[in-house]
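Chemist: Please see the structure below; I have some questions.
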Amino acid sequence: MLHDRLAEYRALDVADDLARELRTREVPAADLRSLARRLLENGTRRNAVALGIVMLGIAGDHRDRELLLLLGSLEDLTLYAAVALANSQPDRDAAVYELAQRVDGWGRIHAVERLAGTQNPEIKNWLLRTGFRNRILNEYLAHLAATTGDLHSALLAPDVDAELLDSTADLLAALTGWGGPAQDIRHYPDALPVLARFAELLHEAPPTLRIVCAVGSFPQQLKRAAPKADWEPTRISAVIDQYSALLERPDWRELVMAELLDPVDDFALNQALRSSEAVGFDAYPHALAHLRKGVLSVYAWQWVAKRTPDHEVAGLARLTQEQLPLDEMASGPLSRNQSRSLWQPEDHILSVVLARLDHRSGDVGAPLLRAGIRGRTVRLRNVAIRKLAEVFGPDLPADVREWVGAAAVAEPDDVVRAELVKLLERATLDFEQ
């Protein structure tokens with residue numbers, strides 16, 4: 001049966017070869033379209049359906065648009081559907097654009113990549129405001145959006161609205177985070193005029209936290225990128241000066257201060273923390289106060305943990321004991337497969353704090369380590385095991401050996417259990433000697 005044979009292949013590996021072979025053999029379009037439709041409408045295996053989409057991209061027409069859009073909304077099939085829509089639909093860009101709006105993540109990336117070079121004004125505007133955003137990394141689509149969307153011309157318009165300013169901040173932040181997975185600010189021909197024009201617009205506009213957060217990294221990132229880019233030194237220096245001046249403005253600093261004192265949500269708190277050092281504001285006491293109030297933002301805990309002096313790590317460990325439900329988190333280990341999707345913010349926070357423990361943290365860090373090696377996820381248990389050796393050395397106290405032994409007995413993962421046993425054996429050997 002063809003469906004089952006196709007299902008045996010990895011679609012991504014054979015899709016291009018299949019398309020070339022079908023074109024070479026000149027299979028009647030009506031017959032191929034009929035076969036492809038049957039695979040799409042009745043298929044039960046991903047690879048078979050994906051290769052059916054490839055066939056429909058060769059033999060399909062406007063009648064197949066809705067079926068391709070429907071199946072393309074499934075992220076595993078978006079790439080195949082985007083190519084098929086581009087190959088089979090008379091309004092190629094409009095069809096792919098409709099699909100791109102339905103998906104996120106890798107689906108959005110695959111679809112938007114097929115819109116490179118479009119001249120459709122609606123699509124170009126969408127790329128600049130929304131289309132580059134995806135839950136993977138904005139860096140994947142930032143360069144495409146800025147070039148295809150003609151960001152420079154958009155910013156030269158007489159009335160640039162607040163939405164475009166905010167999206168431009170995110171777009172340029174992605175571009176200036178160079179060294180990522182796609183072309184960046186160094187490969188953008190309009191980089192300096194766009195950056196200069198954007199700074200001019202920001203000088204006249206009221207600041208938003210999104211803009212301050214994005215712009216905060218521009219001077220440093222542009223200085224790093226300059227030696228790798230073909231920019232005139234005087235021009236890039238002028239642009240850096242523009243952004244440095246913006247970051248020194250009192251209203252920008254006051255905005256960050258206000259958000260730190262009373263953030264509307266965790267996202268606003270995170271953005272304010274990201275922006276604080278750029279505007280010259282010491283946010284550490286305020287961030288610590290939010291953690292004491294029960295904020296469980298992973299970024300906020302990471303931010304505080306990174307900036308906590310070594311001599312104050314014990315205080316951070318005590319705060320962690322107060323704020324995290326350690327007994328619940330140590331309710332019992334799960335296997336690797338069971339725990340793969342259970343990584344919660346609390347697990348991440350505990351792992352962040354565990355990373356700061358050292359040989360001076362024994363007594364105060366012990367409850368955190370005990371919760372860690374009895375945690376739900378293999379990832380957390382591994383972090384705790386590594387830290388146990390660092391905090392206590394080979395000479396584990398008797399009570400620690402006791403709960404490490406209990407954890408080894410309960411551990412369902414062979415690799416993790418072996419590490420616990422190894423830890424115990426080293427401790428016992430040292431104790432006996």
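Just so you know, all these numbers are worked out from the coordinates, no wet-lab data involved. Keep in mind the model is a prediction, meaning the values are calculated, not measured. When we count neighbours, we look across all protein chains shown, and the Cβ atoms used for this are built from the backbone with ideal geometry, even at glycine.
Chemist: Based on the Kirkwood radius over alpha-carbon pairs, what is the Stokes-Einstein translational diffusion coefficient of the range 107-227 at 10 °C with 1.306 mPa s viscosity, in µm²/s?
Modeler: Values: Rh = 14.3 Å.
Value of D from the Cα-based Kirkwood radius: 111 µm²/s.
Chemist: Efficiency by 1/(1 + (r/R0)^6): what FRET value for His359 and His311, r their Cβ-Cβ distance, R0 = 22 Å, to the nearest 0.05? Spell out each step's value before the answer.
Modeler: Working: r = 13 Å, r/R0 = 0.61.
Calculated value: 0.95.
Chemist: Across the range 75-82, in residue order, what do the Karplus-derived ³J(HN,Hα) couplings come to in whole Hz, using 6.51 cos²θ - 1.76 cosθ + 1.60 with θ = phi - 60° and x for Gly and Pro?
Modeler: Karplus values, whole Hz, x for Gly and Pro: 4, 5, 10, 4, 4, 5, 5, 4.
Chemist: What does the charge count around Trp231 come to, taking other residues whose C-beta lies under 15 Å from its C-beta (Lys +1, Arg +1, Asp -1, Glu -1)? Show your work: numbers first, answer last.
Modeler: Values: positive: Arg186, Lys223, Arg224, Lys228, Arg235; negative: Asp184, Asp190, Asp230, Glu232, Asp241.
Net of charged neighbours comes to 0.
Chemist: Ratio of Rg to Rh for the range 327-376, alpha carbon only, Kirkwood?
Modeler: Radius of gyration over Kirkwood radius for the range 327-376 works out to 1.00.
Chemist: How big is the chain in terms of Cα radius of gyration and Dmax, in angstroms?
Modeler: Gyration radius and largest Cα-Cα distance of the chain: 27.5, 83 Å.
Chemist: Can you pull the Rg over Rh of the range 237-378, Cα-only, Kirkwood?
Modeler: Here the Rg-to-Rh quotient is 1.07.
Chemist: Whole-Hz Karplus ³J(HN,Hα) for the range 193-205, in order, using 6.51 cos²θ - 1.76 cosθ + 1.60 and θ = phi - 60°, x for Gly and Pro?
Modeler: Couplings: x, 5, 4, 5, 5, 5, 4, 4, 5, 5, 4, 9, 9 Hz.
Chemist: Something else: What does the charge count around Phe267 come to, taking other residues whose C-beta lies under 15 Å from its C-beta (Lys +1, Arg +1, Asp -1, Glu -1)? Don't skip to the end; give the middle numbers.
Modeler: On the way: positive: Arg133, Arg135, Arg210, Arg274; negative: Asp166, Asp170, Glu259, Asp262, Asp265, Asp266.
That works out to -2.
Chemist: A further question follows. In what sequence, highest mean first, do 309-320, 57-68 appear when ranked by Cβ atoms within 10 angstrom?
Modeler: Highest mean packing first, the order is 57-68, 309-320.
Chemist: Can you run phi through the Karplus equation (6.51, -1.76, 1.60; θ = phi - 60°) for the range 379-385 and list ³J(HN,Hα) in whole Hz, with x for Gly and Pro?
Modeler: 4, 5, 5, 5, 4, 5, 5
Chemist: Can you give the convex hull volume per residue for the Cα atoms of the range 324-433, as a whole number of Å³?
Modeler: Given the Cα convex hull of the range 324-433, per-residue volume reads 83 Å³.
Chemist: Provide the FRET efficiency to the nearest 0.05 for the Val14-Leu70 pair, computing r from the beta carbons and using R0 = 22 Å. Kindly include the intermediate steps, with their values, before the conclusion.
Modeler: On the way: r = 23 Å, r/R0 = 1.07.
Efficiency at R0 = 22 Å is approximately 0.40.
Chemist: Separate question: Using only the Cα atoms of the range 1-115, what are the Rg and Dmax in Å?
Modeler: 12.9, 36
Chemist: Something else about it: Count the lysine pairs in the chain whose Cα atoms sit under 27 Å apart, keeping only pairs 8 or more residues apart in sequence or on different chains.
Modeler: Going through the chain pair by pair, I get 4.
Chemist: Whole angstrom only: what separates the Cα centroid of the range 174-199 from the Cα centroid of the range 248-263?
Modeler: Taking the Cα centre of each part, the range 174-199 and the range 248-263 sit 27 Å apart.
Chemist: While we're here: So what's the net charge close to Ala245: Lys and Arg +1, Asp and Glu -1, counting the other residues with Cβ under 14 Å from its Cβ?
Modeler: Every neighbour counted, the sum reads -3.
Chemist: Turning to a different aspect of this structure: What percent does the relative contact order of the chain come to when contacts are Cα pairs within less than 8 Å and at least six residues apart? Don't skip to the end; give the middle numbers.
Modeler: Numbers: 558 pairs, mean separation 30.6, N = 433.
With pairs under 8 Å counted, the relative contact order is 7 percent.
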